[in-house]
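To start, the structure under review is shown below, and the notes come after it.
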Amino acid sequence: MAPGKPLLQRILDAYGDMPRGERRLADLLLANAAAIVERNATELAASVGISKATAARFFRRLDYPSFRAAQADVRGQGFGHPPLDYSERFPHLGGRRPELSQHLESETANLIKTIEQQRPDELARAVRLMARAEKLWVVGFGDNYPLAHLARAQLIKIRSDIRMLPIGGFSMPEEFASITANDVMLALGVGRRTRALRYVVTGATQAGARVIYLTDSSGLDRPGDGSMVLRCRNTSPTLFDSPTAAVSLIHYLCSTLAALLGESTISRLRRIDDIHHSWGVVDELPVN
């Protein structure tokens, strides 16, 4: 860890390598960095249900010799995220290409770290929520729109009433007005998140719907009670954040849902095949 980085940046850099106990403290500080100056080490550890030894390991992972050193550093530097130095972070933009082996190593690490930090019971609960939903909403804005489109394309093959936001040509409030407490939302907030996503997620929880929020380690947003957060690692040695782990996690959720739905999945796939056969090659049908 490079010396001189603010606390929040150190946490974001190390988050994917943290065991579960340390991530609980990381989540607290990412959401409220002021907690480190408002509490002593014992109180901070107790507030997230971990031991002082775990908290000590957490701060050593961030290259602080002690909790007091981290506390003093935060008092001196403040709590904000520094602007990125793009020329330092992405040297290949100056003409040096990233190596293919470096790309493979980064993508592999993203997948491994993402899978390692998942809790099987939480993934199982997410799939159960998706199976029981009256309507299943998929939401993604900006760079998350292709991820939402992928999720919707897989889900529509295995169950009915999949809603997507945004949907081209339609006003979102009119679409969103159909959400109820019997629905579940898969909200995608990997990388840069938009104000529209925050409005939609807040509106869903206010309506009583459950939210499965898929984000990366920098996502501080929290859906409402009864909902859940799934995190993926999206680091990259290049200009663009990696979507690989997010795609893999979406694929796992959809595949596991298909298995859970069982016979209804098979019936729906047969029905889709029947339509394909009766219509011929759909892509060659005239549009008018």
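The 1.4 Å probe gives accessible areas that order E43, E122, largest first, as E43, E122. The distance separating the Cα centre of region 108-183 from that of region 44-63 comes to 34 Å. Only protein atoms count toward the accessible area here, which uses a 1.4 Å probe; on region 95-245, the carbon and sulfur part of that area reaches 54 percent.
The values are calculated or read from the model by the stated rules, or taken from the named source; none is laboratory data. Since the model is a prediction, treat every value here as computed from it, not as a measurement. Side chains are part of the model used for accessible areas, which takes the heavy atoms of the whole protein and leaves out ligands, DNA and RNA. Shrake-Rupley method; radii C 1.70, N 1.55, O 1.52, S 1.80 Å.
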